[in-house]
Structure formats: structure tokens, C-alpha cells
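What follows is one structure encoded as C-alpha cells, with my remarks underneath.
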Amino acid sequence: MSYFVTGATGFIGRFLVQELLQNRKGDVFVLVRKGSEARMERLIRQWGYDGRVTMVKGDLSEAALGVAPEWVKEHQGRIQHFFHLAAIYDMTASDEQNETLNVGGTRNALELAADLDAGIFHQVSSIAASGDYAGFWDETMFDVDQRLPSPYHRTKFESERIVREESAVPWRVYRPSMVIGHSETGEMDKVDGPYYFFPILKLLRDYLPSWTPLVGVDLGDTNVVPVDYVAKAMDHLAHLPGRDGEAFHLVNPEPQRTVDIVNTFADAANAPQFATPIDREVTGLVPTGLLPRAIRPGTLMKGALRTLPARLALRETIGRLGLPPEVVEHAGFPTTYGARITTQALSGSGIAVPDLESYADRIWGFWEEQLDETLAQDRRTVEALANKTVVITGASSGIGLVTAHKVAQAGGIPVLVARGKDKLEATRSAIEARGGTAYVFPCDLSDLDAIDDLADRLSSELPSVDFLVNNAGRSIRRSVKLSHDRFHDFERTMQLNYFGAIRLVMGVLPRMRKQKFGHIVNISSIGVQTNPPRFSAYVASKAALDAWSNVVSSEVHGDGISFTNIHMPLVKTPMIAPTKIYDKFPTISPAQAADMVVRALVDRPHEINTALGTAGALVHTLAPKTAFRVLNMAYKVFPDSVAAKGGGKKPVAPEPTTQQQLLLARLTRGVHW
């Protein structure tokens, strides 16, 4: 059994191909236009099925997709499944773009499928084909005299009509709703749908407490599904016998209010949420359904949003935050989408739409770490980092990983350093897939000889060493009374956090002196300012790095070299994962921490502190006895973990977090306890 797939480099396409490779036998032929070969080669390596995926050169805008006649003749009658996914999925795209790619592309794909005598033509349509139809629309419905309010709606309807009326081979149609990131990894390749609201949520998160009451409006219903559900469902439905000539709705069968979707992501972002004092429960008391459609409130509101003054107002307000006026206009769907036939067809497969609440944090995390382009749009950031090499240790996860993505977004060149080469290569591939550049230098930063070799390579192989971010670190949470027979805890933390860091700095200083420029960013800890109990090994190593940097700063100032020490608050990274009590603690995200690192690279201050860290240092200076009294209270409130007590490798259920612990953690947000 062989497959032909258009749009395999697209978001849904690459996950569908992965499902076909994992679950089915046979070759997969993928259409690749000129200029996309490198991207497809990266995907083929990522899929890992050598020899089963073959690129076929062609173009969506050409007759029969521009595939060579010789290739068609050779494979005639051998393609059982022809999947057509290539299209433009953009509410802001022009009429001409939509016509060429969605309508013309479908006709050309049908022509090739007929020439190949394909078994089944699988058309990926969209619920956009329903247009502005007000009411229930299921898989059996298509042309119900719906109004098609945009080029995207019109061309998705038209391309499906062409398949239904003109296909020379049996066909099946799939209508996904708004497709968002992967429910397990959060992976997404562009900003679309609810993602347009994310910059606003980030702004609210950064400047307002999460409990701040906000007033919103009822924007109607929407419908979102994760890409992995769509790919799995398509793979299953495509191979069911006797389902030709049917359409399938890949939608959430439960209606989703747009404001509820936004609030779910606001919760994931720890941002304030919106209340809607006037929503459909209030407006529903008025029998607007009896009114002519032209004068219903929803119709009037959408009409008002299409006027020039409204578009200008939206463009100059929310548009400046990344939310296009066209998206607001189509935020709510007047249609309710039935999926009874699709649900029955998937019965017994284990494939179902997961609850958004179960994976919203992954969607938000991926966007914040890899898709948020706030820094890339900042002129000062781009000017400071464009074409500059930024060496980042601990770049395989957490703060280092996200910092690498943000540096690349701003035009910088991240140099990825960590022990795990595979993870670093995966990060480099992700950066290159978005047009960036990155270098990989695997190194065990607890090995001083390896660090010397790394410094030599960095100095000789890179065009320059402009910035160094000392991010790699080890944290140990254990009271001193449990440490009498564990002196190696202190040796290990000093080895990586202090000796490894200064060894690398000293190794690249000659190159920086020669350049007459260099900036070193040390990821220190709020603990250096607040001295929390149970962190004597960790805090001491970070304090040592602070002190060394402060002394050396005066010696290298005349060489154009400077340091920034970031006293980082508690960050939700793999480093704190073993301390289960932190699961319920208020933390900042790796992306928020990476924003602090980028600020250090751009502004190059001597220190970056939090208000709480500064207050802690001040209390220790002015009233040390009081500070130690308070810290002793915290010492009694937060016990040693099971691991710190020598719980071994046997899994032990963590002790429940008490209200007293949560209250103290919230009052001292960001401090390691």
C-alpha cells in the first residue's frame, strides 16, 4: 500500500505522515516544491523511517501539481491513498492567495490523482465551509445556502464542492475545526486562532496579579482540537472500509465558549481571567431568534466590526498587541457542529478529543518558549543580538533552552552547550526550521579538562564569542543535620556551579579581550539575597560565583568586558522537579526567566534582582536577627523531602502541602524553601 501526501511539511501534514509511518506499511510519497527540500529532509530525519519517505518535486499552482509525467507513468495504479492537505490556512490572506492555493490547488491535485488512478482521494477541508450558517451543521450537510464572509470561507467551500462534483476517483472529506498544538508536547508551528490572544494574556500576566477582576464580552462559541487528535483520526478514518463519499467532522463535539477558551489559557499562564456579566444567559432571555437575521444583535455586531472606523480602532488597539481585527470578527462561530457520524466511526479506536484543561499548560508553554516573538519585535533587542554569538550552558532544557530560542528569534546565534548531544541537536533543528542558526558544542561541565577543550574550540571555531550565559547548575535541598555524611553534596555543587563556571569564563576571556568586547551573564539565585534554609550547598556555590564576578569585573572593565548576575527566583524547570512540594508553589516560567536573561544581554546591568530578593537582602543587613528568626520558622514549616532523608529510589508519595506552607510560599513568591 502506497500513499501520496501534499502539504506534508505543513502542521497537520507532518503529524499525519508520522501516523502513517507508525501504523501502516508501504511507501509514502510527499509533494515538495522547490525551496522546501531542506525542510523535508529535516522532517524525514525526524520521522526516522529511512527509505519509506520519498520526495516528489512539484508545485500546488501547476497542472497535475507539476509532477513529472515519467514519475506519474511509473506509479500509475500504485497509490492507494492520495491525501490532499496543501492549502493556505490564514484568515488574513488575500482573495487571490486563497483562490490560487485552495481552489486551484485542489483542482490540480484531483487531476494528478486521476492520472495516477489513485484508490481514494482524501480532501482536508474545514468547518469554514459552513460559512455563517446559523444553527446545527453535521457531516451530512454541505450546501445550505450559507453566506461565506471571507475569501478563506469561500475557497474552502469551493474546494470541497469541486471534490464532491468533479473527482474522478472515490473521495472522503475531513473537516477539522480550529487546530491547535499537540496535546502532549504543545508543539505548534505558527500563531493562529486562540494564539492571537496570547500576547495580551502575557501582558496581563506580567503587569497584573492573577486575581485581578477583568470584564470581558461573550464572543460566542468556538471549536478547537489538538493536532494529534486530527492526525490520528484521519489515519483511522481513511482506512475504514465502505466510507467513501462521506464527510467527517474532526471537531470537539461539545460547544466551547470563546471566553472560556481564553480563560483556560489565562489560567495556564497564571494571568487574570475575564468575567462576562452580560452573556447569552442574559441576552438569551430576549427571543432574538424571531428577528430577521439582518437585525439580530450578533449580525449587527459583526457588521459594525467590518466598518472602516471599527477596523482602524481595532488595529490601533488590540492590533498593536498582535490580534488582527479579522480574527476578532470571526472569533465566535454561529454554527454548532455535529460529529455523531465521526464519533461512531472512531468508536473502539481509543481516539477522542481530550479536554482542553488537561493540556492547555503545554500549549501555553510551547508558545511562550518558542513562538512568542515579543523580543524579536523589539528594535533594541535585535540591534544588540543580531549576528552575535551567545554561548549558553545548560541549553538542553529549562532556562537555557528557552533562552536559545529567544536569542535566535532576535537574530542572534545561540551556541548550545550541555552534556546531552541529542537534545542539543533537536534544539538546533527547531531553531533552523524557523530560519535561525545555532551551533552545538556538547560538554560535561563538571569536567575541568573538558571545559578547557570547550573554551579552546569556542575561541578558535566561532567567528566571535560575544556573550556567555552561565546557566548550567545543580541544586541540592537538604538540611545540614542530614548532610554530615554527605560532604560530596558541597563538592558537586561547587564543581559545577562555581569551578565549572569560572573555568569557562577564564577560558574565553583572552578571546573577549582580543575582541575588546564580551559580556558574561551568571544565573545566580534569589537565595544569595534571602539565605533560605536547606540550601547551604547550592546558595554557597552561587554566592561564590557572585563574589568572583564582582571582583573580576573591576579587573576587566577596561577591556570592554562586563558581568551581570541575575538573582533568579524559583523557576519551574526540571531542576526543581524532584522537590514535589514545589508543584503547588508560585513559580515563574522558563520563558519569564529567559526574558530576564535577554534583558541582561541587551542592557548589561551589573545585577538583575526581584523586589522580594532586594527586600530580603535589606532585612538581612538591617535586622539580621529578625531575618534568621523568620527563616527558622520557615525551616520548621517546610520539612526535608523524602529524597533528602535518604528515601532511596523506591517511589514514596509526597507529603500533602499544608495551608500554612502555601500561604508562606505565596507571601514570599519566588524564594526557594
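Answer yes or no as to whether Ser525 is within 33 Å of the chain's Cα centre (by Cα), modelled with pLDDT under 95 and surrounded by 16 or more Cβ atoms within 10 Å (Cβ to Cβ). Full working, then the answer.
On the way: within 33 Å of the chain's Cα centre (by Cα): yes; modelled with pLDDT under 95: no; surrounded by 16 or more Cβ atoms within 10 Å (Cβ to Cβ): yes.
Considered against the rule, which asks whether it is within 33 Å of the chain's Cα centre (by Cα), modelled with pLDDT under 95 and surrounded by 16 or more Cβ atoms within 10 Å (Cβ to Cβ), Ser525 comes out as no.
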- Taking interchain pairs and intrachain pairs at least six residues apart, which have beta carbon atoms under 7 angstrom, with the first residue in region 611-627 and under 12 Å from Thr530 (Cβ atoms) and the second of a type in the set (Gly, Ala, Ser) and surrounded by 14 or more Cβ atoms within 10 Å (Cβ to Cβ)? Leu612/Gly670; Val619/Ala627; His620/Ala627
- Note on the structure: For Gln46, the lone unmet condition from (1) surrounded by 16 or more Cβ atoms within 10 Å (Cβ to Cβ); (2) over 27 Å from Glu165 (Cβ atoms); (3) among the polar types (S, T, N, Q) is (1)
- Just checking, which of Gly473, Gly400 is assigned by TED's automatic domain parsing to the domain that holds Met512 and touching a Ser or Thr at 6+ places or on another chain (Cβ under 7 Å)? Gly400
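For every residue, the table says whether it meets (1) surrounded by 24 or more Cβ atoms within 10 Å (Cβ to Cβ); (2) over 21 Å from Gly412 (Cα atoms).
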{"residue": "Pro463", "(1), (2)": "no, no"}
{"residue": "Ile476", "(1), (2)": "no, yes"}
{"residue": "Ser479", "(1), (2)": "no, yes"}
{"residue": "His488", "(1), (2)": "no, yes"}
{"residue": "Met494", "(1), (2)": "no, yes"}
{"residue": "Phe517", "(1), (2)": "no, no"}
{"residue": "Ile520", "(1), (2)": "yes, no"}
{"residue": "Lys542", "(1), (2)": "yes, yes"}
- State the number of residues belonging to region 130-160 that are of a type in the set (A, V, I, L, M) and touching a strand residue (DSSP E or B) at 6+ places or on another chain (Cβ under 8 Å). 2
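Which one is modelled with the lowest pLDDT among residues in region 564-585 that are hydrophobic (A, V, I, L, M, F, W, C) and surrounded by fewer than 19 Cβ atoms within 10 Å (Cβ to Cβ)?
Across region 564-585, the extreme among qualifying residues is Ala577.
Name the helices (runs of 4 or more DSSP H) wholly inside region 341-424 in which the number of residues that are hydrophobic (A, V, I, L, M, F, W, C) and surrounded by 24 or more Cβ atoms within 10 Å (Cβ to Cβ) is 2 or more. Don't jump to the end; show me each part of the working.
Details: elements: 360-366, 379-385, 398-409.
Answer list for region 341-424: 360-366, 398-409.
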- Message: Could you check region 583-606 and list, in sequence order, the residues that are within 16 Å of Asn471 (Cα to Cα) and in a helix (DSSP H, G or I)?
- Response: Pro590, Ala591, Gln592, Ala593, Ala594, Asp595, Met596, Val597, Val598, Arg599, Ala600, Leu601
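With the condition kept exactly as written, say whether any residue in region 74-90 is small (Gly, Ala, Ser) and either at pLDDT below 90 or outside the structural domain of Ala128 (by TED's automatic domain parsing) (or both). Walk me through it before giving the result.
Within region 74-90, the first condition is being small (Gly, Ala, Ser), and the residues that meet it are 77, 86-87.
Adding the requirement that they be either at pLDDT below 90 or outside the structural domain of Ala128 (by TED's automatic domain parsing) (or both) leaves 87.
Yes, region 74-90 contains at least one residue that is small (Gly, Ala, Ser) and either at pLDDT below 90 or outside the structural domain of Ala128 (by TED's automatic domain parsing) (or both).
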- Query: In this structure, is Ser429 over 28 Å from Arg205 (Cα atoms), part of a helix (DSSP H, G or I) and of a type in the set (Ser, Thr, Tyr)?
  - Reply: yes
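The values are calculated or read from the model by the stated rules, or taken from the named source; none is laboratory data. Nothing here was measured: the structure is a model prediction, and the numbers come from that model. For neighbour counting, all protein chains shown are included, and Cβ atoms are generated from backbone atoms with ideal geometry for every residue, glycine included.
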